[in-house]
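The values are calculated or read from the model by the stated rules, or taken from the named source; none is laboratory data. Predicted, not measured: the structure shown is a model, and the values here were computed from it. Here Cβ is always computed from backbone atoms with ideal geometry, including for glycine, and neighbour counts include all displayed protein chains.
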Amino acid sequence: MGRILVLALALAGMVWAQGARADCNQPAKEAITQVPVSGHPFSAIPTSDGCTIFVSLTARPGSIVVLKRAEGVVTQAAFIPVAGPVTGMALSPDGRFLAAANEAGVLVFEAAKLLAGTGDAVASADDGPHAGSVYAAFSPDGRLLVVANEDSASLSLYSTAGLPGSLKPVGQIPVANAPVGLAFSPDGKLLYSTSEVGPRSWQAKCTTEGPPHPEGVLLVIDLARAAADPAKSVVGGVAAGCNAVRVALSPDGATAYVTARGANAVQAFDTGKLIADATHALRAVITVGSSPVGVVAAKGKVFVTNSNRFGGGASQSVSVLDAGDLAGSQASIPAGGFPRELKTTADGNTLIVTNFASGSVELVDLARLPPK
């Protein structure tokens, strides 16, 4: 009888836990919810259960805001000052660590401590005052951390084996000018990286942002080679439009979507051709809104932030493309000023947008997308 009672209690606990997780992802009353934050949000990273969102605020010093989701309501649970400014962030695959780029390198925090309202970094790495470290990403197996150094045309590669406590430098991968976007292939063998401006030897085709300059570039990096010899790990690359800033992969990894900010476009590439047949890798060029930045693919759609970052204003949009018909009509989701980064929750039902200029985090219930 005792064993039956214990089993019943265990099953009840499992059901309660599943219910609690479901409550975290319960849709809000409105299809679009704006959550004000005290500053300029750069990235917003949800935990795998959807219950928590970590938000980086760019300032001096920077800060990380912890938002909690429950029963369709989002509240601020903690506001944690950190050495900054903090920009692009990433959560380790096991959810234990949050990495945040901070101009000179990267800071690593324990997620549990952030949830508790404390913010001391458990590890850090310094790439120098002129690195311009702006973006971070963990490999799918969690063993490597990559940081994009926008001002030094390099990607820093670190081993996470010493966490918590330390990051072990593996080396730097030289890339083109102003690298930002990072995305791993689903199998963790390749890293895709964007740089805003390609080699000086390329023709200066772009004139919309500053003096004439070459197109941006999408590079393909072999991670096994990077772990052994970072300087020789780039195995493919292709021109990716004027001021290529972000890259996101389709869920199956077959397509890479790159935002060409200076061309008001998204470029779609066949990842299977980027190494062996780069001249035929481009699948489509899709015109979107002004100065697109963030991009993410989920549930048969491709979402793109139309930042208008050089034009100002408090009301912008997110374009919604049909991944199966990129040339087809587009839907539009209203956003705040300078929508910068995009993420979806693990269940794929909620889109998270950081409205940098208007100081808000926007949550969109994708089940209630506006019609085309």
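With respect to the conditions (1) touching a residue at least 60 places away in the same chain (Cβ under 8 Å); (2) surrounded by 23 or more Cβ atoms within 10 Å (Cβ to Cβ), Ala99 falls short on a single one, namely (1).
If I filter segment 185-202 for residues that are farther than 30 Å from Ala121 by Cβ, surrounded by 21 or more Cβ atoms within 10 Å (Cβ to Cβ), out of contact with any Cys (no Cβ under 7 Å at 6 or more places or on another chain) and at pLDDT 95 or above, do I get at least one hit? Yes, segment 185-202 has at least one match. Note on segment 59-69: residues that are surrounded by fewer than 20 Cβ atoms within 10 Å (Cβ to Cβ) and more than 14 Å from Ala116 (Cα to Cα) amount to 3. Where the second residue is in a helix (DSSP H, G or I) and the first is touching a residue at least 24 places away in the same chain (Cβ under 8 Å) and lies in segment 342-371, which pairs have Cβ atoms under 6 Å and are six or more apart or on separate chains? Short answer, once both residue conditions are applied: Asn349/Leu366; Leu351/Leu366. Residues that are of a type outside the set (Ser, Thr, Tyr) and touching a Leu at 6+ places or on another chain (Cβ under 9 Å) were ranked within segment 261-272; the one that is farthest from Val318 (Cα to Cα) is Asp270. The selection criterion, being of a type in the set (A, V, I, L, M), without any contact (Cβ under 8 Å) to a residue 40 or more places away in the chain and buried (at least 16 other Cβ atoms within 10 Å of the Cβ), does not hold for Ala323.
Criterion first (closer than 19 Å to Gln34 by Cβ and under 17 Å from the mean Cα position of the chain (by Cα)) does Gly50 satisfy it? The answer is yes for Gly50. Within segment 287-313, the residues that satisfy the criterion of being part of a loop (DSSP other than H, G, I, E, B) and of a type outside the set (Ser, Thr, Tyr) are Val288, Gly289, Lys299, Gly300, Asn308, Arg309, Phe310, Gly311, Gly312, Gly313. Considering Gly210, Gly216, the condition of being at pLDDT below 95 and over 16 Å from the mean Cα position of the chain (by Cα) is satisfied by Gly210 alone.
Residues that are assigned to a loop (DSSP other than H, G, I, E, B) and more than 19 Å from Gly181 (Cβ to Cβ) were ranked within segment 268-281; the one that is modelled with the lowest pLDDT is Ala276.
Would you call Ala284 over 21 Å from the mean Cα position of the chain (by Cα) and assigned to a strand (DSSP E or B)? Here the answer is yes, as Ala284 does meet what is asked.
Taking the listed residues Ser133, Ser139, Ser159, Ser152, the one that is in contact with a Lys or Arg (Cβ under 9 Å, 6 or more places away or on another chain) and either of a type outside the set (A, V, I, L, M, F, W, C) or crowded, with 16+ Cβ neighbours inside 10 Å (or both) is Ser159, with no other qualifying.
Candidates Ala153, Ala148, Ala161: the one that is in contact with a strand residue (DSSP E or B) (Cβ under 6 Å, 6 or more places away or on another chain), more than 24 Å from Thr207 (Cβ to Cβ) and modelled with pLDDT of 95 or more is Ala148. Counted as qualifying within segment 314-372 are the strands (runs of 3 or more DSSP E) with 1 or more residues that are under 20 Å from Tyr257 (Cα atoms), namely 316-322, 331-335, 339-344, 350-355.
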